[in-house]
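**Q** Got a structure for you, questions after.
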2 protein chains.
Amino acid sequence: MIEKIHHIGVAVRSLDEALKFYSETLGLPVQASATVEEQGVKAALLTIGGSEIELLEPLSPESPVGRFLERKGEGLHHICFQTPDVAAELEGLKAKGVELIDQQPRRGLAGMICFLHPKASRGVLVELATPVVS
Amino acid sequence: MIEKIHHIGVAVRSLDEALKFYSETLGLPVQASATVEEQGVKAALLTIGGSEIELLEPLSPESPVGRFLERKGEGLHHICFQTPDVAAELEGLKAKGVELIDQQPRRGLAGMICFLHPKASRGVLVELATPVVS
């Protein structure tokens, strides 16, 4: 079951430049920011209604977001759908033969997450997430 | 003021193929579908929480979505933010020197809408919309 859009990921060359638009100009509040070494990104999360915009600046050109910028330039990178049970959702999609990037949920910025393969979703990189209640 | 993500636009080659994933596999309910000649698209709207996924199939290769597919392939096309007063929001952005596609709000699928220029928003095509209460 998909509950809502958890966040939209946007690949940017400079977090500071991007925040000028999304935070200063549009007025979206910054909820958190973090450097996630294992994903090779500096990220900022902005609140928009019950969802978030996740701005992603690569730490290196070889990181996944770095390679995306090289290939496609700045812009919409992925969409994350919130589900109450990411493991069950993933098993259901596997049973339907959906192509996946992650075979098992793993810890991510949004909680327990997994990525589907863009081939499954008409070119869209789709993430599923179950927020972890701390 | 930006209230929430109204919808995410996804450019697809075939609405029927895309619905197999978003509706049949993911289980998102189809809320409406329409052919909008003046925008050169066949569209389907799927409900996801308080937002929507807007699947867009071009009516011709020369339409804006047709040209997007040619240039970038299938995938995330634009993001639409809901605001209570699109005209006031647009004036505010103009005053801040934000680059725009539409100088005035116009009627769109989501109500009264306007598009900002992707240059303003780090490569993201941003739409603003105020739903029209019928």
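**Q** Please determine whether any residue of region B:13-21 is more than 30 Å from residue A:93 (Cβ to Cβ) and either of a type in the set (A, V, I, L, M) or part of a helix (DSSP H, G or I) (or both).
**A** Start the filter on region B:13-21 by keeping residues that are more than 30 Å from residue A:93 (Cβ to Cβ), which leaves none.
No, there is no match, as no residue in region B:13-21 is more than 30 Å from residue A:93 (Cβ to Cβ) and either of a type in the set (A, V, I, L, M) or part of a helix (DSSP H, G or I) (or both).
**Q** Something else now. Scan region A:112-133 for residues that are free of Cβ contacts under 8 Å to residues at least 24 places away in the same chain and part of a strand (DSSP E or B) and jot them down.
**A** Within region A:112-133, just A:116 meets the criteria.
**Q** Output the residue which, of all residues in region A:89-120 that are touching an Asp or Glu at 6+ places or on another chain (Cβ under 8 Å) and closer than 16 Å to residue B:19 by Cα, is surrounded by the fewest Cβ atoms within 10 Å (Cβ to Cβ). Full working, then the answer.
**A** Taking region A:89-120 as the starting set, the residues that turn out to be touching an Asp or Glu at 6+ places or on another chain (Cβ under 8 Å) are A:90, A:108-110, A:113-117, A:119-120.
After this cut, where a residue has to be closer than 16 Å to residue B:19 by Cα as well, the list is A:119-120.
Details: A:119: 11, A:120: 19.
Top of the filtered list is A:119.
**Q** Another question about this same structure. Within region B:22-46, can you find the residues that are part of a helix (DSSP H, G or I) and more than 20 Å from residue A:92 (Cα to Cα)?
**A** So in region B:22-46, the residues part of a helix (DSSP H, G or I) come out as B:22-25, B:37-39.
Passing the criteria: B:37, B:38, B:39.
**Q** For residues in region A:23-55 being among the small types (Gly, Ala, Ser) and more than 8 Å from every other protein chain (Cβ to nearest Cβ), which is farthest from residue A:106 (Cα to Cα)? Walk me through it before giving the result.
**A** Let us first name the residues in region A:23-55 that are among the small types (Gly, Ala, Ser), namely A:23, A:27, A:32-34, A:40, A:43-44, A:49-51.
Adding the requirement that they be more than 8 Å from every other protein chain (Cβ to nearest Cβ) leaves A:23, A:32-34, A:40, A:43-44.
Numbers: A:23: 29, A:32: 20, A:33: 20, A:34: 18, A:40: 16, A:43: 18, A:44: 20 Å.
Looking at residues that are among the small types (Gly, Ala, Ser) and more than 8 Å from every other protein chain (Cβ to nearest Cβ), I get A:23.
**Q** Hey, another quick one. In region B:68-102, how many are out of contact with any helix residue (DSSP H, G or I) (no Cβ under 8 Å at 6 or more places or on another chain) and either without any contact (Cβ under 8 Å) to a residue 12 or more places away in the chain or more than 13 Å from chain A (Cβ to nearest Cβ) (or both)?
**A** 13
**Q** So, in region B:4-22, of the ones that are among the basic types (Lys, Arg) and more than 7 Å from chain A (Cβ to nearest Cβ), which residue ends up nearest to residue B:77 (Cα to Cα)? It would help to see each step written out before you state the result.
**A** Filtering region B:4-22 down to residues among the basic types (Lys, Arg) leaves B:4, B:13, B:20.
Restricting the remaining residues to those that are more than 7 Å from chain A (Cβ to nearest Cβ) gives B:13, B:20.
Values: B:13: 12, B:20: 19 Å.
So the residue we want is B:13.
**Q** Let me ask you something else. So residue A:85 clears everything in (1) surrounded by 14 or more Cβ atoms within 10 Å (Cβ to Cβ); (2) among the acidic types (Asp, Glu); (3) closer than 26 Å to residue B:125 by Cα except one condition, right? Which one?
**A** The failed condition is (3).
**Q** Can you name the residue in region B:16-71 that is among the aliphatic types (A, V, I, L, M) and farther than 20 Å from residue A:81 by Cα and, of all such residues, is modelled with the lowest pLDDT? Please lay out each step first, then the result.
**A** So in region B:16-71, the residues among the aliphatic types (A, V, I, L, M) come out as B:18-19, B:26, B:28, B:30, B:32, B:34, B:36, B:41, B:43-46, B:48, B:53, B:55-56, B:59, B:65, B:69.
Keeping just the survivors that are farther than 20 Å from residue A:81 by Cα gives B:32, B:34, B:36, B:41, B:43, B:59, B:65, B:69.
Details: B:32: 92, B:34: 91, B:36: 88, B:41: 95, B:43: 95, B:59: 97, B:65: 96, B:69: 96.
The extreme case among them is B:36.
The values are calculated or read from the model by the stated rules, or taken from the named source; none is laboratory data. Just so it is clear, the model here is predicted, and its values are computed rather than measured. With ideal geometry, Cβ positions are generated from the backbone for all residues, glycine too; neighbour counts draw on all protein chains shown.
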